[in-house]
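Bear in mind that the values in this text are calculations on the coordinates, not laboratory data. This one's a predicted model, so the numbers in the text were calculated from it and none came from an experiment. Note that we place each Cβ from the backbone using ideal geometry, even for glycine, and neighbour counts take in every protein chain shown.
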Amino acid sequence: MYAVIAIQISNALNIRKCKQALALPILFSDSDELFLESGEEKFIYVFQYGVVAFFNHNSSEINAFVKTLNPEARDWEDQELSETMKVLVEPGTDVVSFDHVTISDFDPEAIRLIMLNTSQSVALDKYLEMTDELLGDTSQYVDALEQRGKLTISGKKLKQFIGHVLKIKNQISENLYIFDSPDITWENEALNKLNTSLKQTFDLKDRYRYIHERTAILKEDLELFKDIMDHRESSKLEWIIILLILVEVVDVFAIRILELF
């Protein structure tokens, strides 16, 4: 029995630098991913969104590789965001279960798909935590709006908050390409079936949709906040104009009274 262990070790990883740091035989590489052979029946899969998956490595080996990629990272056992999937090889059997996958032969491409989907599951957990935190922050302003009838955030902080939300939304869209199947799945029916089963087992599409819906709620709330802020600024401008007109009227009135005397 083998094991795939996927860990979030950083917010982002530079694939080119990881390639240089690890210096292992490359099985697949592009700007977002790096799939390496790290020994006999051992693989490492690095993703630019900060997740690294290991196949058939013990704890000491994993921790050594983690420190190579990110010296500030904790040991993998202490990482909050991780996922483990057992892998069995049994001729004539291809089954995806809740906590293990059985494949009919030791195929690096099949193993790569298992590592890919396990890693995306970890990344989804990360973005779910981030959206939950953002919704919690937003709820504070919604509660203040309900209780006091006004926003308790300045215009500058609101713009910064909007920027932060948009940045996370863009990260999710750019990094979690779970609807894009690897090219190999288009050429191999068995791998395509395995990929589909893994996505269903990890609930990747449903979890992605859930995160997308939460970011949509955030977007609606922020648009409302922005409209309220714009109205508040517009009201201030209107009062300034009224005061300027009033000053002008008083000035003219005072001049005419002085002319009479």
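Glu213 to Glu41: extension gain in nm, 0.36 nm per residue of separation minus the Cα-Cα distance?
On the way: separation 172, 0.36 × 172 = 61.92 nm, distance 4.00 nm.
57.9 nm is the gain from fully extending Glu213 to Glu41.
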Hull surface over four for the Cα convex hull of the range 1-42, reported in nm², is 3.6
Would you mind computing, in nm to one decimal, how far apart the modelled labels at Leu135 and Ala3 are, each placed 7 Å from Cα along Cα→Cβ? 3.2
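For the range 2-106, give the share of DSSP beta bridges that are antiparallel, in percent and rounded to the nearest 5; count only bridges with both residues there. Could the numbers behind the result be given before it?
Working: 26 of 30 bridges.
Looking only at bridges with both residues in the range 2-106, the antiparallel portion is about 85 percent.
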Residues whose modelled amide H sits under 5 Å from the amide H of Gly50, counting only those 5 or more places away in sequence or on another chain, are Leu13
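So what is the 222 nm mean residue ellipticity for the chain from helices alone, if each DSSP H run of at least 4 adds -39500 (n - 2.57) and you divide by all residues, rounding to the nearest 500 deg cm²/dmol? Could you put the intermediate results ahead of the total?
Values: 7 runs with 156 residues, N = 261.
Calculated mean residue ellipticity at 222 nm is -21000 deg cm²/dmol.
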So what is the relative contact order of the range 2-106, in percent, for Cα pairs below 8 Å that sit 6 or more residues apart? 29
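Ratio of alpha-carbon Rg to the 2.2 N^0.38 Å globular estimate for the range 118-233, to two decimals, please.
1.38
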Of all beta bridges DSSP finds with both residues in the chain, what is the antiparallel percent, to the nearest 5? 85
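Evaluate the relative contact order of the range 118-233 (contact order divided by residue number), counting alpha-carbon pairs under 8 angstrom at least 6 apart; express in whole percent.
Numbers: 54 pairs, mean separation 47.7, N = 116.
Normalised by residue count, the contact order of the range 118-233 is 41 percent.
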For the range 66-121 and the range 26-54, what is the centre-to-centre distance using only Cα atoms, to the nearest Å? 12
What is the distance, in nm, between label points placed 7 Å from the Cα along the Cα-to-Cβ direction at Lys157 and at Asp227? 2.3
If contacts are Cα pairs under 8 angstrom and at least 6 residues apart, what is the relative contact order of the chain in percent? 17
Taking 24 Å as the cut-off for C-alpha to C-alpha distance, list the pairs among Lys17/Lys169; Lys19/Lys169; Lys42/Lys205; Lys17/Lys42 that go past it. Lys17/Lys169; Lys19/Lys169; Lys42/Lys205
Local electrostatic count, Arg214, Cβ distance below 12 Å [Lys/Arg +1, Asp/Glu -1]: -2
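If I stretch the segment between Lys19 and Glu146 completely, what's the gain in nm (0.36 nm per residue apart, minus their alpha carbon distance), one decimal?
Working: separation 127, 0.36 × 127 = 45.72 nm, distance 5.21 nm.
Answer, rounded to one decimal: 40.5 nm.
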Across 5 Å bins beginning at 0, the whole-percent shares of Cα-Cα pair distances in the range 33-144 come to 2, 10, 18, 20, 17, 11, 8, 5, 4, 2, 1, 0, 0
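Between Glu189 and Glu90, 0.36 nm times their residue separation minus their Cα-Cα distance comes to what?
Details: separation 99, 0.36 × 99 = 35.64 nm, distance 1.86 nm.
Extra length from Glu189 to Glu90 when fully extended: 33.8 nm.
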